[in-house]
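Colleague: Structure provided below as structure tokens; questions to follow.
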Amino acid sequence: QVQLVESGGGLVQPGGSLRLSCAASGSIFKVYVMKWYRQAPGKQRELVAAISTGGSTRYVDSVKGRFTISRDNVNKNVYLQMNTMKPEDTAVYYCNADTSQGVYWGQGTQVTVSS
């Protein structure tokens, strides 16, 4: 059974930083694109960042220059470094992985940016 487990969420002040981690476990032969999504209260889930197996990345415009996605292909982990955070970054953040066994989601981790 494939599982994605996020960690690293919490409360941070505006201008602060957080680093999210997502660990994939289970019988996964291969992991392709890994992504971070977020969903704020009353809003649709949006794609924040994505990274390919080869390391190509893309970001939603609102986080460009502030967030960095990275991955560890050996351990099947993906990370999201979030800097210069803003109140509008407050949301539940979800890890997503496109694997040889299908697409999987993590359970989500709450990120709150507030003074």
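The values are calculated or read from the model by the stated rules, or taken from the named source; none is laboratory data. These numbers were taken from a predicted model, which means no experiment stands behind them. Using ideal geometry, Cβ is built from the backbone for each residue, glycine included, and neighbour counts are taken over all protein chains shown. Keep in mind that these areas ignore ligands, DNA and RNA; they rest on the heavy atoms of the full protein, side chains included. Shrake-Rupley method; radii C 1.70, N 1.55, O 1.52, S 1.80 Å.
Colleague: Please enumerate the residues belonging to the range 1-16 that are open to solvent by 60 Å² or more (accessible area, probe 1.4 Å) and either outside any strand (DSSP E or B) or in contact with a Lys or Arg (Cβ under 9 Å, 6 or more places away or on another chain) (or both).
Modeller: Once the filter is applied, which keeps residues that are open to solvent by 60 Å² or more (accessible area, probe 1.4 Å) and either outside any strand (DSSP E or B) or in contact with a Lys or Arg (Cβ under 9 Å, 6 or more places away or on another chain) (or both), the range 1-16 yields Gln1, Gln13, Pro14.
Colleague: While we're looking at this one, here's another question. Filter the range 33-64 down to residues that are out of contact with any helix residue (DSSP H, G or I) (no Cβ under 9 Å at 6 or more places or on another chain), part of a strand (DSSP E or B) and over 14 Å from Gly108 (Cα atoms), then give me how many there are.
Modeller: Counting residues in the range 33-64 that are out of contact with any helix residue (DSSP H, G or I) (no Cβ under 9 Å at 6 or more places or on another chain), part of a strand (DSSP E or B) and over 14 Å from Gly108 (Cα atoms) gives 7.
Colleague: Can you tell me which residue among Val111, Val103 is open to solvent by 80 Å² or more (accessible area, probe 1.4 Å) and either closer than 16 Å to Gly9 by Cβ or in a strand (DSSP E or B) (or both)?
Modeller: Among Val111, Val103, only Val103 is open to solvent by 80 Å² or more (accessible area, probe 1.4 Å) and either closer than 16 Å to Gly9 by Cβ or in a strand (DSSP E or B) (or both).
Colleague: Of all the residues that make up the range 22-74, how many are open to solvent by 30 Å² or more (accessible area, probe 1.4 Å) and either under 16 Å from Asp98 (Cα atoms) or among the polar types (S, T, N, Q) (or both)?
Modeller: Matching residues across the range 22-74 total 27.
Colleague: Within the range 80-100, can you find the residues that are surrounded by fewer than 18 Cβ atoms within 10 Å (Cβ to Cβ) and charged (D, E, K, R)?
Modeller: Of everything in the range 80-100, those that are surrounded by fewer than 18 Cβ atoms within 10 Å (Cβ to Cβ) and charged (D, E, K, R) turn out to be Lys86, Glu88, Asp98.
Colleague: So which residues in the range 56-85 are farther than 18 Å from Gln13 by Cα and charged (D, E, K, R), if there are any at all?
Modeller: Arg58, Asp61, Lys64, Arg71, Asp72, Lys76 - these are the residues of the range 56-85 that are farther than 18 Å from Gln13 by Cα and charged (D, E, K, R).
Colleague: Going by what's in this entry, would Thr68 be described as free of Cβ contacts under 8 Å to residues at least 40 places away in the same chain and assigned to a strand (DSSP E or B)?
Modeller: yes
Colleague: Assuming Ala24 fulfils every condition listed in (1) in contact with a strand residue (DSSP E or B) (Cβ under 6 Å, 6 or more places away or on another chain); (2) aliphatic (A, V, I, L, M); (3) free of Cβ contacts under 8 Å to residues at least 24 places away in the same chain apart from one, which condition is it?
Modeller: With (1) in contact with a strand residue (DSSP E or B) (Cβ under 6 Å, 6 or more places away or on another chain); (2) aliphatic (A, V, I, L, M); (3) free of Cβ contacts under 8 Å to residues at least 24 places away in the same chain applied to Ala24, the lone miss is (3).
Colleague: While we're here: Do you know which residues across the range 71-100 are in contact (Cβ under 8 Å) with a residue 40 or more places away in the chain, of a type outside the set (Ser, Thr, Tyr) and in a strand (DSSP E or B)?
Modeller: Asn77, Val78, Leu80, Gln81, Met82, Ala91, Val92, Cys95, Asn96, Ala97, Asp98
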